[in-house]
Amino acid sequence: MYLSQKQIEDYQNFGVIIIKDVFKEWIEPLRNGFQKVLDKPSKHGRENVSEKDEGRFFEDYCNWERIIEFKDCIFNS
């Protein structure tokens, strides 16, 4: 994929551009990887409860080595 001259100029002028559908094929594999983390967290995983019950916040880190979908995206996207 190559950027157009206008995209390059917009990035230079505004510091940001939207590039649609670049990672579209990675969404489903990453979704599967996230589900694996939720189903079997690492020793770093934990659930954080909101006092106002405003939704779920789960954190875990260093999963790219054990979740193949993450590793694949990092090295092949």
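The values are calculated or read from the model by the stated rules, or taken from the named source; none is laboratory data. These figures come from a predicted structure and were not determined experimentally. No Cβ is skipped: glycine too gets one built from the backbone with ideal geometry, and neighbour counts run over all protein chains shown. The accessibility values were calculated without ligands, DNA or RNA, using every heavy atom of the protein model including side chains. Shrake-Rupley method; radii C 1.70, N 1.55, O 1.52, S 1.80 Å.
Worth pointing out:
Yes/no matrix, rows are residues, columns are (1) in contact with a helix residue (DSSP H, G or I) (Cβ under 9 Å, 6 or more places away or on another chain); (2) of a type in the set (Gly, Ala, Ser); (3) within 29 Å of Cys62 (Cα to Cα):
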{"site": "Lys6", "(1), (2), (3)": "no, no, no"}
{"site": "Val22", "(1), (2), (3)": "no, no, yes"}
{"site": "Pro29", "(1), (2), (3)": "yes, no, yes"}
{"site": "Gly33", "(1), (2), (3)": "yes, yes, yes"}
{"site": "Lys36", "(1), (2), (3)": "yes, no, yes"}
{"site": "Ser42", "(1), (2), (3)": "no, yes, yes"}
{"site": "Val49", "(1), (2), (3)": "no, no, yes"}
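- Flag if Glu28 is outside any strand (DSSP E or B), out of contact with any Lys or Arg (no Cβ under 8 Å at 6 or more places or on another chain), exposed (fewer than 13 other Cβ atoms within 10 Å of the Cβ) and at pLDDT 95 or above: yes
- Lys36 vs. criteria at negative phi, charged (D, E, K, R), surrounded by 13 or more Cβ atoms within 10 Å (Cβ to Cβ) and not in a loop (DSSP other than H, G, I, E, B): yes
- Taking residues in region 46-63 that are on the phi > 0 side of the Ramachandran plot and modelled with pLDDT of 85 or more, and partners anywhere that are open to solvent by less than 50 Å² (accessible area, probe 1.4 Å) and of a type in the set (Ser, Thr, Tyr), the pairs with Cβ atoms closer than 7 Å and at least 6 places apart or on different chains are Cys62/Ser42.
- Checking each residue in region 3-17 for being modelled with pLDDT under 95 and either among the acidic types (Asp, Glu) or under 30 Å from Ile67 (Cα atoms) (or both) picks out no residue at all.
- Check on Pro41, surrounded by 12 or more Cβ atoms within 10 Å (Cβ to Cβ) and outside any helix (DSSP H, G or I): yes
- Taken over region 1-25, residues that are open to solvent by less than 100 Å² (accessible area, probe 1.4 Å), part of a loop (DSSP other than H, G, I, E, B) and not hydroxyl-bearing (Ser, Thr, Tyr) amount to 6.
- Top-ranked residue in region 44-77 [being of a type in the set (Ser, Thr, Tyr) and over 26 Å from Gln7 (Cβ atoms); ranked as most open to solvent (accessible area, probe 1.4 Å)]: Tyr61
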